[in-house]
2 protein chains.
Amino acid sequence: MADRYANFANSGLGRTVVKRLGLPDPPRLRRYRPGDTIAAGPVLLGAAPGGRLAEPVAKLLENAGVGVVETGSADTRYAALIFDATGITDSAGLRALFDFFHPYARSLSVSGRVIVLGTAPEATAGPKEATAQRSLEGLTRSIGKEFGRGVTSQLVYIAPGGEQSAESTLRFLLSGRSAYVSGQVIRIGAGDAPAPADWEKPLAGKLALVTGAARGIGASIAAILARDGAEVIALDVPGAGDALADVANRAKGRALQLDLTADDAPARLAGYLAAGAHGGIDIVVHNAGITRDKTVAKMDESRWDSVIGVNLTAPERVNDILLEQGLIRSGGRIVGVASIAGIAGNRGQTNYATSKAGVIGLVQSTAPLLAGRQITINAVAPGFIETAMTAKMPLGLREAGRRLNSMSQGGLPVDVAETIAWFASPGSATITGNVVRVCGQSLLGA
Amino acid sequence: MADRYANFANSGLGRTVVKRLGLPDPPRLRRYRPGDTIAAGPVLLGAAPGGRLAEPVAKLLENAGVGVVETGSADTRYAALIFDATGITDSAGLRALFDFFHPYARSLSVSGRVIVLGTAPEATAGPKEATAQRSLEGLTRSIGKEFGRGVTSQLVYIAPGGEQSAESTLRFLLSGRSAYVSGQVIRIGAGDAPAPADWEKPLAGKLALVTGAARGIGASIAAILARDGAEVIALDVPGAGDALADVANRAKGRALQLDLTADDAPARLAGYLAAGAHGGIDIVVHNAGITRDKTVAKMDESRWDSVIGVNLTAPERVNDILLEQGLIRSGGRIVGVASIAGIAGNRGQTNYATSKAGVIGLVQSTAPLLAGRQITINAVAPGFIETAMTAKMPLGLREAGRRLNSMSQGGLPVDVAETIAWFASPGSATITGNVVRVCGQSLLGA
């Protein structure tokens, strides 16, 4: 499970060897610890003329204690470069991006942040502006691949009227919580989002269900949601016994043993939640997932059925009954776990990739239907994450997975968990239907 | 420019070495030659119960002279496996995919075809069906990576009421014209498309403009559009002189020397077209493009401005004036040339990737506005194509580009040209707003 190469590359001797031989150079990523400041230094904020976001974003960041400067200096190391591109209404105007980023391309600290703010093409006034705003994606993805040293780069489309709802996202992206999220496009919708009373405990008073919680990514999700203040129900199959109890204990939560693929399981879960003092649930994380890899020629029916059943049908059935019975409370959050394989496809994983592409479909098709009930549904799509599962991969595949991304290393379960916690925040009320990869900007894609 | 490794791998000695050492094994792809049959063997057509496409597709293929069978045999080599998945309305129903593909996963010939037909998620009756239909993408992309031997795999969403318009697409995908197109999702809209009088000359009577036509991909586009019956205006900058004249002569068309980035150039082009006997233009291919690679830190203003200007602003200005003056005739076709870099981003290409992401934005934002005028707009996004440009790449990058795709080889200019010719066909009247990669299913993506 340990990435020995990354440890070596960050040792005294290793740094010399890596530089001499031009080997991949995985930086130590800045990850969040409770009490950390949001940004580890000053943030340079620029804007194309006529933009609508720089002013509200500057205020929001200053209120959050972030040091914002609007005039850059070549001698300063910035924690982030943020550019409001909403004023760009045609392709000639894209020049403002070059003017802003060129002088400061080498001024970011390790694990620095690039954030470009735009208007989603579908929300623009016409094709000229839509084209220019769509262009931003080419810039942010290229910068993510170019800047290196743990710098992440994102494009955040903020709907007109959604300016006040950007705080949870900016806090997430600026902080070490998003260490392994890069090259993503995030859409924030119009409307207000309630600010948590305490941004260190945004989930206080919320009840969260995490499936597949006994191990790996699921265990980390339970821990992070608990850290952020949620009361956690850690669910896994009966066979997970002790490991599940440990996770629940560490999260000061409850363990629930249930095989969600059983016919009556969703109804039993609904009964359990309905009977609880909370009268329902606030956060549902569909993390449980399995792989049963074989090529199509060698696959048998049971591998197909079990993977589709656990990864896709079970979350659908759980959502259905909880929503029908009104057990997901207003302000609720549903988070699915997709995968890069569901986006790009993968050899030997037709069953898994089909199920994970389905999770994306589930999120995108359900989001509009839940908007009226103040419930959001989003998905994370992990890339190569260091778990017991990936530790068992053949060396060549494992090393490829680790290095073929902008961070030159695998992610950690906590990186997936932090992204889910961001979706779960009350501050993310206007974020729905998003699929955000947690993949260090893996080269793989569609 | 020659892929010496592929030539070696396909030699007698090479085949032995490649197999012994487990090296990449680039097959000789079946490419189209005039007079070829559509499919090089029988096509197995299956369907999930309740599907709406198997019957019209079977008729359409039989009329086109394709041998369709609906009951498979393990002893037959099929040219294609086509599956109508429109009957799948929930995730449990996805099992029909396994049942169809599992027994025949090894029954495809070299350069065989997998085509899954579905209903676009946004056109389904609800989230259950939308989820299942979105899942298909995980299957087709995985099969593309798994089957090898030049087999391509696509997902084609056909809108209800668009059944009769699928012929141009099925002919394209089954034939050698789509040799290097794999892992794509294509959307065919509702409505009828006129069948060309002669499918070997579908562009007869059409006038086509190709920019950047003097060399490489542009020269191939001019040749292929001419082969398909179009009268071609080959446009390039004045400096391209002799090369441009050669291309125009070979296409039995006209050469037009014009620098489209000049202020008055779009107006001069419009004047030229208005004065012609044709009274306008039917097909506009915005192929002209340049690269001026540098990292953001090392880039200068002129590299930024020239790349955005040629690749994005010029096509926008040309479209604007031709559309304003009504010079793109009803039944018209506009085709842009994007790039994998515009989808995935690329180190050292922020300017290029920004411009090519913009081409995607241009296509997607303009398509709905042109529908009422019976004009379509689409884009191709080439991956690694063997041209004089890629021949100059450093060896390591070039070999990576060639091998990191499902075909284990680079594409040819003709592969891009054939894809553009498919968009340009009268039979593709209901295909608009699509971006189709010509990349051999490159691993790179977003």
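The values are calculated or read from the model by the stated rules, or taken from the named source; none is laboratory data. If you're wondering where the values come from, they're calculated on a predicted model, not measured in any experiment. Glycine gets a Cβ as well: all are built from the backbone with ideal geometry, and neighbour counts include every protein chain shown. The accessibility values were calculated without ligands, DNA or RNA, using every heavy atom of the protein model including side chains. Shrake-Rupley method; radii C 1.70, N 1.55, O 1.52, S 1.80 Å.
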Could you list all residues from the range B:391-441 that are touching a residue at least 60 places away in the same chain (Cβ under 8 Å) and basic (Lys, Arg)?
B:ARG402, B:ARG403, B:ARG437
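Just the residues that are in a helix (DSSP H, G or I) and in contact (Cβ under 8 Å) with a residue 12 or more places away in the chain, please, taken from the range A:1-13.
Our first condition is that a residue be in a helix (DSSP H, G or I); within the range A:1-13, this holds for A:4-9, A:12-13.
Within the range A:1-13, A:TYR5, A:ALA6, A:ALA9 meet the criteria.
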Would you confirm whether any residue within the range A:68-83 is assigned to a helix (DSSP H, G or I), open to solvent by less than 30 Å² (accessible area, probe 1.4 Å) and modelled with pLDDT of 95 or more?
no
Odd one out for B:GLY161, checked against (1) over 18 Å from the mean Cα position of the chain (by Cα); (2) at positive phi; (3) surrounded by 22 or more Cβ atoms within 10 Å (Cβ to Cβ):
(3)
Test each condition in (1) within 14 Å of another protein chain (Cβ to nearest Cβ); (2) free of Cβ contacts under 8 Å to residues at least 60 places away in the same chain; (3) surrounded by 20 or more Cβ atoms within 10 Å (Cβ to Cβ) for B:LEU444 and report the one that comes out false.
(2)
If you scan the range A:332-372, which residues turn out to be under 22 Å from A:ILE385 (Cα atoms), crowded, with 24+ Cβ neighbours inside 10 Å and among the small types (Gly, Ala, Ser)?
A:GLY336, A:ALA338, A:SER339, A:ALA341, A:GLY342, A:ALA344, A:GLY345, A:ALA353, A:SER355, A:ALA357, A:GLY358
Pair list, Cβ < 9 Å and 6+ apart or interchain, from the range B:216-229 residues that are under 11 Å from B:VAL247 (Cα atoms) and at pLDDT below 95 to residues that are open to solvent by 20 Å² or more (accessible area, probe 1.4 Å) and acidic (Asp, Glu)
none
Identity of the residue in the range B:146-158, more than 30 Å from B:ARG15 (Cα to Cα) and away from chain A (no Cβ under 13 Å), that ends up farthest from the chain's Cα centre (by Cα):
B:ILE158
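Could you tell me which residue of the range A:14-43 is nearest to A:GLY401 (Cα to Cα), considering only residues that are part of a loop (DSSP other than H, G, I, E, B) and open to solvent by less than 40 Å² (accessible area, probe 1.4 Å)?
A:PRO26
Among what's in the range B:121-145 and is charged (D, E, K, R) and in contact (Cβ under 8 Å) with a residue 40 or more places away in the chain, pick the residue that is farthest from the other protein chains (Cβ to nearest Cβ). Write out each step before concluding.
Let us first name the residues in the range B:121-145 that are charged (D, E, K, R), namely B:122, B:128-129, B:134, B:137, B:141, B:145.
Narrowing the set further to residues that are in contact (Cβ under 8 Å) with a residue 40 or more places away in the chain leaves B:129, B:137, B:141, B:145.
Numbers: B:GLU129: 8, B:GLU137: 5, B:ARG141: 3, B:LYS145: 4 Å.
Per the criteria, the residue is B:GLU129.
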Do we find that B:ARG329 is modelled with pLDDT of 95 or more and either within 11 Å of chain A (Cβ to nearest Cβ) or closer than 22 Å to B:ALA219 by Cβ (or both) in this structure?
no
Scanning the range A:249-276 for residues that are farther than 18 Å from A:HIS286 by Cβ and assigned to a helix (DSSP H, G or I) gives A:ASN249, A:ARG250, A:GLY271, A:ALA274, A:ALA275
Note: among A:PHE83, A:PHE98, just one is closer than 21 Å to A:GLY50 by Cα and without any contact (Cβ under 8 Å) to a residue 12 or more places away in the chain, namely A:PHE98
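Against the condition surrounded by 19 or more Cβ atoms within 10 Å (Cβ to Cβ) and of a type in the set (Ser, Thr, Tyr), how does B:THR390 come out, does it pass? Spell out how you get there, then give the answer.
Working: surrounded by 19 or more Cβ atoms within 10 Å (Cβ to Cβ): no; of a type in the set (Ser, Thr, Tyr): yes.
So B:THR390 does not fit the description; no.
With the requirement that a residue be within 14 Å of another protein chain (Cβ to nearest Cβ) and assigned to a loop (DSSP other than H, G, I, E, B), what does the range B:182-208 give you? Give the steps one after another, and end with the answer.
To start, the set of residues in the range B:182-208 that are within 14 Å of another protein chain (Cβ to nearest Cβ) comprises B:182-186.
Correct list: B:SER182, B:GLY183.
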One residue from A:SER365, A:SER330 being over 20 Å from the mean Cα position of the chain (by Cα) and polar (S, T, N, Q):
A:SER330
Restricting the range A:269-326 to residues that are in contact with a Ser or Thr (Cβ under 6 Å, 6 or more places away or on another chain) and more than 13 Å from chain B (Cβ to nearest Cβ), the one farthest from A:ALA371 (Cα to Cα) turns out to be A:ALA288
Among what's in the range A:86-120 and is more than 23 Å from the chain's Cα centre (by Cα), over 16 Å from A:SER142 (Cα atoms) and buried (at least 22 other Cβ atoms within 10 Å of the Cβ), pick the residue that is farthest from the other protein chains (Cβ to nearest Cβ).
A:THR86
